[in-house]
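Below you'll find the structure, written out as structure tokens, and then a few comments.
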Amino acid sequence: MASLPTARWLALLLPVALLGGALVSQYLFGLYPCEMCMWQRWPHLAAIVFALLALVMRSSPGSIMLVVAAALSVLISGLIGGFHAGVEYGWWEGFTSCSTNLPA
């Protein structure tokens, strides 16, 4: 089982890497996000905030709850991603269409 300091860093580095990959894909490779792609980014931002607070407040007993909140935020983004993948593969209808608006 991971120690609390390791969990704090993992709670920060995982969403930073995932959100960073999305931003690199968008800005360096021109992969424009659809609305559902944007939905997935918000929980990662929340996870980063929770993890940074857990690192700053490491001596506080509430630090573990911040790590749990960060983990739940990453889980929520993963669930949105699973729904998004199902829409992409045509397994079910989405709330919005998943398409990009490429510049002409």
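The values are calculated or read from the model by the stated rules, or taken from the named source; none is laboratory data. Worth saying up front: this structure is predicted, and the values here are computed from it rather than measured. Ideal geometry is used to build each Cβ from the backbone, glycine not excepted, and the neighbour counts take in all protein chains shown. The accessibility values were calculated without ligands, DNA or RNA, using every heavy atom of the protein model including side chains. Shrake-Rupley method; radii C 1.70, N 1.55, O 1.52, S 1.80 Å.
Might you tell me the accessible area per residue for the range 31-91, computed with a 1.4 Å probe and given in Å²?
Numbers: 3550 Å² over 61 residues.
Accessible area per residue: 58 Å².
In this rough spin-label picture, where each label sits 7 Å from Cα along the Cβ direction, the VAL16-PHE29 distance is 2.2 nm.
Highest-first packing order for the peptide set 86-93, 63-70, 47-54, 20-27 is 47-54, 63-70, 20-27, 86-93, based on the mean count of other beta carbon atoms within 10 Å. So what is log10(I(q)/I(0)) for the chain at q = 0.14, 0.15, 0.18 1/Å, when the Debye sum runs over its Cα atoms only? Once normalised to I(0) and log-transformed, intensities are -0.61, -0.67, -0.85.
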